[in-house]
1. Take Arg99 and tell me if it is assigned to a helix (DSSP H, G or I), closer than 28 Å to Ala144 by Cα, modelled with pLDDT of 90 or more and basic (Lys, Arg).
2. Are there any pairs, at least 6 apart or on different chains, whose C-beta atoms fall under 6 Å, with the first in the range 41-53 and touching a residue at least 12 places away in the same chain (Cβ under 8 Å) and surrounded by 14 or more Cβ atoms within 10 Å (Cβ to Cβ) and the second among the aliphatic types (A, V, I, L, M) and assigned to a loop (DSSP other than H, G, I, E, B), and if so, which?
3. Please go through (1) closer than 18 Å to Thr33 by Cα; (2) modelled with pLDDT of 85 or more; (3) in contact with a helix residue (DSSP H, G or I) (Cβ under 7 Å, 6 or more places away or on another chain) for Leu67 and return the number of the only condition it doesn't satisfy.
4. Find the residue count for the range 105-122, including only residues that are part of a helix (DSSP H, G or I) and surrounded by fewer than 13 Cβ atoms within 10 Å (Cβ to Cβ).
5. Whether any residue in the range 93-103 is β-branched (Val, Ile, Thr) and within 16 Å of Arg41 (Cα to Cα) is what I want to check.
6. What about Leu72, is it at pLDDT 85 or above, in contact with a Gly (Cβ under 9 Å, 6 or more places away or on another chain), part of a helix (DSSP H, G or I) and not assigned by TED's automatic domain parsing to the domain that holds Val150?
Amino acid sequence: MSNVDFVLHTLPRITERLRLRFWEALPSDVQVTEHQLRLLRQMDDVDPVMVGELAEYLGVTMSTMSLNLKRLEVAGLITRSRDPADRRVMNVLLTPEGRAIRDAAPPLDPDRVDAVLMSMRSEERDRALNGLSILAEATSRLEADHNRYVEGLAGGIGSASSGSEEVLPESS
């Protein structure tokens with residue numbers, strides 16, 4: 001099994017066993033389904049996600065995804081807008097309310113995580129936490145690189161399309 005295959009197999013297995021069960025996750029006044037919460041967890045309030053990506057992630061058709069997103073939009077949890085670079089593409093962003101709901105339900109159950117950590121010998125726990133720390137640092141670096149790339153694209157698009165560049169006459 002390759003390193004990639006190992007991570008792809010192991011991380012979901014761990015998170016599934018330690019995940020917070022939906023009925024325990026949210027305050028009683030929050031009215032979203034577990035399916036809707038899964039959708040909200042795939043979205044951001046800064047970097048838009050495409051409807052097609054969400055449909056592929058959940059393994060549903062575009063029309064099913066559009067229906068789900070319409071419900072979230074009506075509830076004020078997301079916004080949808082056409083991609084200015086490609087009008088065929090619909091982008092989705094979380095609203096502040098959607099982010100609050102997403103963030104209110106941690107993906108892992110703290111009691112289950114504690115139980116697993118306490119079941120390990122001290123040296124095993126230290127090795128596991130060190131490995132997670134290294135993986136977290138690597139993903140933070142990757143995310144920072146991605147954010148710089150996206151900011152560079154946004155800066156390039158904004159400056160090229162703004163028309164605010166001053167053109168100086170040629171000197172003779």
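The values are calculated or read from the model by the stated rules, or taken from the named source; none is laboratory data. This structure is a prediction, so every number in the text was calculated from the model and none was measured. Please note: Cβ atoms are built from the backbone with ideal geometry, for glycine as well, and neighbour counts cover all protein chains shown.
1. yes
2. Between residues of the range 41-53 that are touching a residue at least 12 places away in the same chain (Cβ under 8 Å) and surrounded by 14 or more Cβ atoms within 10 Å (Cβ to Cβ) and residues that are among the aliphatic types (A, V, I, L, M) and assigned to a loop (DSSP other than H, G, I, E, B), the close pairs are Val49/Met43.
3. (3)
4. Selection size over the range 105-122: 8.
5. yes
6. yes
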